[in-house]
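Here the structure comes first, spelled out in structure tokens, and everything after it is commentary.
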Amino acid sequence: MSKGIKVVPAGPLTYTSNQEPQPLDPLEEAVLIAATGLTGRTTPDRPFQDEQGNNIMGTPNLNMIGRAAGSPDNAQATHFFLINDSGTYFLRRPPNLQPIDIYNATPDQLIELAEACKQKILDHRLEMPREMPYYIGSNRFVSNTPGSTIFLPIVDVTWQYINGLMFLLTQPDGYRPAFTDEMKFNRYAGVEKWVRSGYLNKDMKIPLGLLEGMRAPLEAPLLLQNLMLVLQAMGLGGWIHASFSGPILTGNPATKFKTAFQFEHQKPRFKLTNILNWLTYSTGVRPNPVGLPGVIEGLCPPYVKDMSEAVDRVIEQKYGKEGVYSDIHYFDKIFKNGLGEKYIQNVPHYPPEVIEVTKDICNYIYNTYGRFPAHTDAIQVPGIWLQAHHLDLDYYDHLFRDGYDKSHALHQKLWHGAGDGLSSPITEE
């Protein structure tokens, strides 16, 4: 239980507290922010030729700088809102800052990094009525409380969706899949001419719905788990639990409930063929959250003119003048003896045919459904968040055996210089 909760109603186990809320101080918060961010360089240690010396895909990554959790093709698709007593922030990737060594950084460096990441969205704590569908069950008593800091993840799948399509299309002759649309009677998803030419294998079909978010949403729970480990090591309390749902957080125009933000939504035009989609669960006929202008913007209209431009943006991100696979200074720091330049000169890029097929698929999706992607949302809300707070140790002393460990017992002493930091059940070794 966090400090500042005045009463925990639980029948004969009811507990009343005289503790005041204790917000995380700037350094505590900065350590947690750093644990969601950039951590160091990754190494391109994969082959890019097959057994016969033919080129195979060697440039799958959307980023080379590493992050504090694994990410499919290093897409780094997960972003965070941070909520505390001073306001609601978006944690952006700070420009022109190198990854920070969290183990050797000074407190001032960590705080400077945290402040560079924070983009204020609201000058108050994001809050909703403490009832369903905003808070579930007893969460309304203990979640998003004064003094707590919340990390709320959202996932932009658009970049990795496009990048993942291209990666799948780099397979050898005879192994490139033909994408189909199960919401349209499994017809080809804009790739008919590529099937007829034999570039795609008509016997190797992949329904678009099977792609989901190209595994990009897997990154969010990994980052949350890392945050849990960090806050536990710091001696803070915290937990991962249900947050506001996607429609409520993004302001889906179809919801009847109060909403948090007003994200831009793609609103598909009604077509008679939509009736067929409604016979089964379909994302293709509902508004699609694509971005919060000036904060997070998906790689799809209205932020690009069409999906061909979106694909071109991915290519520029990877191979352009300042692209991931054009940064000679980065690769010189990774490779020995000038091999970085040789790597850039020799590592294969996406072939032109792969780029053209990807444009055809992406344009098919948008032109057919009036949204991109069609089978999943562009901006996904996992529906969970992490709360970090200072523990009310008296509560655990009163009710529980071994309710906390030494890191919690010593937190006030080590981080805030308060007393001896010890509560009765635990003593220093």
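Just to confirm the filter: which GluC sites (Glu not before Pro) across the stretch 112-173 are DSSP coil and have at most 10 other Cβ within 10 angstrom of their Cβ? Before the final figure, lay out each step's value.
Details: sites: 112, 115, 127, 131; in loops: 127, 131.
Sparse-neighbourhood loop GluC sites (Glu not before Pro): 131.
Okay, which of the stretch 366-400 sit inside 13 Å, backbone N to the point 7 Å along the Cα-Cβ direction of residue 187?
367-369
Normalised by the residues of the stretch 45-152, what does the relative contact order come to in percent, with Cα pairs under 8 Å and at least six apart?
The value is 27 percent.
Can you tell me the 0 to 90 degree angle between the C-alpha axis of helix 352-369 and the longest principal axis of the chain, rounded to 10?
70 degrees
Given a cut-off of under 8 Å on Cα pairs at least six residues apart, what relative contact order in percent is computed for the chain?
21 percent
Just to be sure I follow: if Rg is taken over the C-alpha atoms of the stretch 310-429 and Rh is the Kirkwood radius over the same atoms, what is Rg/Rh? Intermediate results must be reported in sequence, preceding the final value.
Values: Rg = 27.4 Å, Rh = 20.7 Å.
We get a ratio of 1.32 for the stretch 310-429.
What are the chymotrypsin sites (Phe, Trp or Tyr not before Pro) within the stretch 113-188 that DSSP puts in a loop, where the Cβ has at most 15 other Cβ atoms within 10 Å?
Taking the stretch 113-188 and a limit of 15 other Cβ atoms within 10 Å, the loop chymotrypsin sites (Phe, Trp or Tyr not before Pro) found are 175, 185.
Over the stretch 157-203, consider all pairs of different Cα atoms and compute the Kirkwood hydrodynamic radius from their mean reciprocal separation; express it in Å, one decimal.
Answer for the stretch 157-203: a Kirkwood hydrodynamic radius of 11.3 Å.
Set the bar at 32 Å for Cα to Cα. Now go through 118/336; 118/359; 118/321; 321/359; 202/318 and name every pair that lies beyond it.
Result: 118/336; 118/359 exceed 32 Å.
Which distance in nm do the two modelled labels at residue 327 and residue 255 give, with both placed 7 Å along the Cα-to-Cβ direction?
Between residue 327 and residue 255, the label points sit 3.5 nm apart.
What number comes out for the charge environment of residue 350, summing +1 per Lys or Arg and -1 per Asp or Glu over other residues with Cβ under 13 Å away?
Net charge in that neighbourhood comes out at -2.
Per-residue ellipticity at 222 nm for the chain, helices alone: DSSP H runs ≥ 4 residues times -39500 (n - 2.57), over residue total, nearest 500 deg cm²/dmol?
Roughly -8500 deg cm²/dmol at 222 nm, from the helical runs in the chain.
Could you work out Rg/(2.2 N^0.38 Å) for the chain, with Rg from alpha carbons only?
1.12
Can you pull out the GluC sites (Glu not before Pro) in the stretch 27-90 whose DSSP state is coil and whose Cβ has at most 11 other Cβ atoms within 10 Å?
Of the GluC sites (Glu not before Pro), the ones in loops of the stretch 27-90 whose Cβ has at most 11 other Cβ atoms within 10 Å are 51.
Hey, rough spin-label estimate for residue 6 and residue 367, points 7 angstrom out along Cα→Cβ, what's it come to in nanometres?
Rounded to a tenth, the inter-label distance reads 6.3 nm.
Could you sort 300-308, 376-384 so that the peptide with the highest average Cβ count within 10 Å comes first and the rest follow in order?
Result, highest mean first: 376-384, 300-308.
Based on Cα coordinates alone, diagonalise the gyration tensor for the stretch 1-124, multiply each eigenvalue by 5, take square roots, and list the semi-axes in whole Å, largest first.
41, 19, 13
Could you let me know the centre-to-centre spacing of the stretch 304-376 and the stretch 221-274, using Cα atoms, in angstrom?
Result: 28 Å between the Cα centres.
How far is helix 158-168 tilted, in degrees, relative to the longest principal axis of the Cα atoms in the chain, given as a value from 0 to 90 rounded to the nearest 10?
Tilt of helix 158-168: around 50 degrees.
Pull out a ≥ b ≥ c, the square roots of the eigenvalues of the alpha-carbon gyration tensor of the stretch 187-264, then state rounded if a/c is under 1.5, prolate if not and a/b is larger than b/c, and oblate in the remaining case.
Taking the square roots of the gyration eigenvalues as a ≥ b ≥ c, the stretch 187-264 is oblate.
Taking the alpha-carbon centroid of each part, what is the distance from the stretch 11-88 to the stretch 102-181 in angstrom?
The two parts, judged by their Cα centres, are 9 Å apart.
Each reported figure results from applying straightforward, stated rules to the coordinates on display, with no laboratory input. All of these numbers come straight from a predicted model, not from anything done at the bench. All Cβ positions, even for glycine, are placed from backbone atoms using ideal geometry, and neighbour counts span all protein chains on display.
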